[in-house]
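Input: a single structure, listed below in structure tokens.
Read-outs throughout are calculated quantities, based only on the coordinates presented, and are distinct from any laboratory measurement. On a predicted model such as this, the values are computed, not experimentally measured, just so you know. Note: ideal-geometry Cβ built from the backbone for every residue, glycine included; neighbour counts use all protein chains shown.
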Amino acid sequence: MPHITDKRIIAVVGHYGSGKTEFSVSLAFQLAAAGEKNIAVVDLDIANPYFRSRERKEELAAVGVEVSGSAYDCEITAELPALASWIRKPLENPDMRAIVDVGGDNSGAKILNQFKKYFLKDEHELICVINRSRPETSTVDGALYHINAIENETGLKITALVSNTHFLMETTAEDVYSGWKFCTEVAKAKNIPVLAACCMEREVPALEEIRRQENEKFVIMPIGLHMRQSWLDRKL
Amino acid sequence: MSEKVLMKGNEAFGEAAIRGGARFYFGYPITPQNEVPEFMSRELNKRGGQFVQAESELAAVNMAYGAAAAGGRVFISTSSPGFALMQEGMSFMASAEIPVVAMNVSRGGPGVGGIQPGQADYFQATRGGGNGDYHIPVFAPSTLQEAVDMIYEAFEIADKYRNPVLILADGMMGQMMEPVVLPEQKEQLQSEDIASRKPWALTGWGGKEKRSTVVSLHMKPDVLEECVEKLFVKYRAAEKELVRYETHDLEGAQVVFVAFGTMARIVSEAMEMLGEQGIKAGMIRPQSLWPYPYCAFDEIDTATTKVVISTELSMGQMLQDVNIGVCGRWPTDLIYRTGGIVPTSLEIVERTKKILEGLKK
């Protein structure tokens, strides 16, 4: 798998709809497939009523990834702000890798405040996912507004960006490339790196070709559509 | 200029309403449509309109009634139990001939139900959820692009018929992400132009010979009967003009599914899976639920079709309309999930095969 970060705690924030959950779940599957043990996904999204990473608990458990989040797990579907006490285990256990899927926008990221002590020892990456096809983060100023709002709400510094510009099944490799370039502009303003450009598996060859032609050096991270039922992409 | 963006359903609904010229939105939060009022509270005032969070759905629908009676272009949205509360207003507005576009992002019921997707508000939407003799045109999108286009057009339909129009989507559509091409911003009707464009609206006496009034109370039965008959002249026209549907692969089909909204997309995948197993399936996809596309059933392939299956996230509410459309020509059956459960395509395939086996016996 492509190298993203060596940090033990990887927390994922961003504007809602940017693809935080697909990125988090894909990262967990890829780390597991690469042979890493003791991986946990911590689902802190208590704002979204649908499409939550804990809905993939069984599939992740099958590859050895623990999932924790709501105290009610998936048994009830209400968006109750009730977190299980055991979500602290992967955050506290130095032998575990924790992928923390945080809710959208600054309002969803607010929850990180109570877990601040895990973000003081420089063993974390706080990643903001940027998707330029979302209207509110389609300009550098718009993306910076969201990044700054999340930083102000949590008092934490975002340490890196991940580019995830896409139009679902209508995405082209050119969309991914121009989204990555856009993301580097945003990153430059914050003086932080862009860790990867995410895309679907099928776009990888074309994107590699563009990367070669343009003489660029970004990491390509293929991500799956784990959260999305295939019928959602049926053309009628 | 049209632009393609990736939007969450609820955001796209709000954006489509603003671009369709909506200047007023009144609402009360309810899952799974909370992003609509959230979006409107942020966007509408910036773009020349007014957002008001009401104290309840009942208040919201009556604010809509008032603003639309004054000639404003109004959008309201809610989810199932909230729309139940709004029914008084829908009946009053239909009676008083007031155009409003309403959206129900429906969830599981009855009662408070749950927050996962449902289609069990079909009767409420199509049979008149409020009191009295009236109808509301109901459109049911299956994709976010279709939802955007329907909302955009719904304002014109509401104005033309001087009647509320309902967009019935389910929670899945409200919560899902999809690329959409947004239409151009329509010019908002400004207050000073309302009197000339909507002469029936309440814009003040202004020295006119005859003042405009908006009423839904008629104490003389013969006057009330006349008013209702006048409404039904409009409804008869709507039944001709507003029927919308699509048919898919009806020719040579053994099984014909009837499905709307989210279910139509699952059925579409199930049709392909059935085809791979040698069972040819077709679909009628109603886009208007009132008026219902009964005429679509005349396109069914008489030579090959063995059964017509209503496929719904409710306990057979649409099956009644399917039976009217089928008119005894083929056996009908039902595939459903309810309570907020969305079936998989495989589940539909398996249930269809069981239905076909049952027919052989």
Computed, not fitted: 222 nm per-residue ellipticity of chain B from DSSP H runs ≥ 4 (each -39500 (n - 2.57)), nearest 500, equal to -12500 deg cm²/dmol
Within chain B, the percent of DSSP beta bridges that are antiparallel, given to the nearest 5, stands at 30 percent
Note on the stretch B:26-138: C-alpha Rg/Rh, Kirkwood Rh, two decimals, gives 0.95
GNM of chain B, Cα pairs under 10 angstrom: of B:GLY316, B:GLY20, B:GLY275, the biggest fluctuation goes to B:GLY275
Which of A:MET96, A:MET221, A:MET169 fluctuates most in a GNM of chain A (C-alpha springs under 10 Å)? That residue is A:MET169
Rounded to the nearest 5, the percent of antiparallel DSSP beta bridges in the protein assembly as shown equals 20 percent
Computed over chain A, the relative contact order (Cα-Cα under 8 Å, seq sep at least six) in percent reads 23 percent
So the angle from the long Cα axis of helix B:9-19 to the longest Cα principal axis of chain B, reported in degrees to the nearest 10, equals 40 degrees
Per DSSP loop assignment and a cutoff of at most 16 other beta carbons within 10 Å, chain B keeps its longest run without exposed GluC sites (Glu not before Pro) at B:56-183
Check: C-alpha center the stretch B:166-234 vs C-alpha center the stretch B:1-60, spacing in Å is 18 Å
For chain B the mean separation of alpha carbon contacts under 8 Å (6+ apart) over residue count, i.e. relative contact order in percent, is 18 percent
In the stretch A:6-98, the chymotrypsin sites (Phe, Trp or Tyr not before Pro) that sit in a DSSP loop and have at most 12 other Cβ atoms within 10 Å of their own Cβ are none
Chain A, convex hull of Cα, quarter of hull surface, nm² -> 12.6 nm²
With Rh as the Kirkwood radius over Cα pairs, the stretch B:216-265 has Rg/Rh of 1.32
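Could you give the length gained by full extension between B:THR213 and B:GLN277, i.e. 0.36 nm per residue of separation minus their alpha carbon distance, to one decimal place?
This chain segment gains 16.8 nm when fully extended.
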With a Förster distance of 25 angstrom and the Cβ-Cβ distance between A:LEU236 and B:GLU241, calculated FRET efficiency to the nearest 0.05 equals 0.65
For the stretch B:251-361, one quarter of the surface area of the C-alpha convex hull, expressed in nm², comes to 6.5 nm²
Largest fluctuation, B:ALA237, B:ALA281, B:ALA154 only, Gaussian network model of chain B with Cα springs under 10 angstrom, belongs to B:ALA237
At the level of C-alpha centres, the distance separating the stretch B:284-299 and the stretch A:1-74, in angstrom, is 43 Å
Over chain A, the sum of -39500 (n - 2.57) across DSSP H runs of at least four, divided by residue number and rounded to 500 deg cm²/dmol, gives at 222 nm -9000 deg cm²/dmol
Rounded to the nearest 5, the percent of DSSP beta bridges in chain A running antiparallel is 5 percent
Helix A:20-33: inclination vs chain A longest Cα principal axis, degrees, rounded to 10, gives 80 degrees
So, with points 7 Å from each Cα along the Cβ direction, the B:ASP249-B:ARG42 label distance in nm works out to 4.0 nm
In whole Å, largest first, the alpha carbons of chain B cover along the principal axes 76, 49, 40
For chain B, longest principal axis from Cα atoms; helix B:345-360 axis from its Cα atoms; angle between them, nearest 10 degrees, is 60 degrees
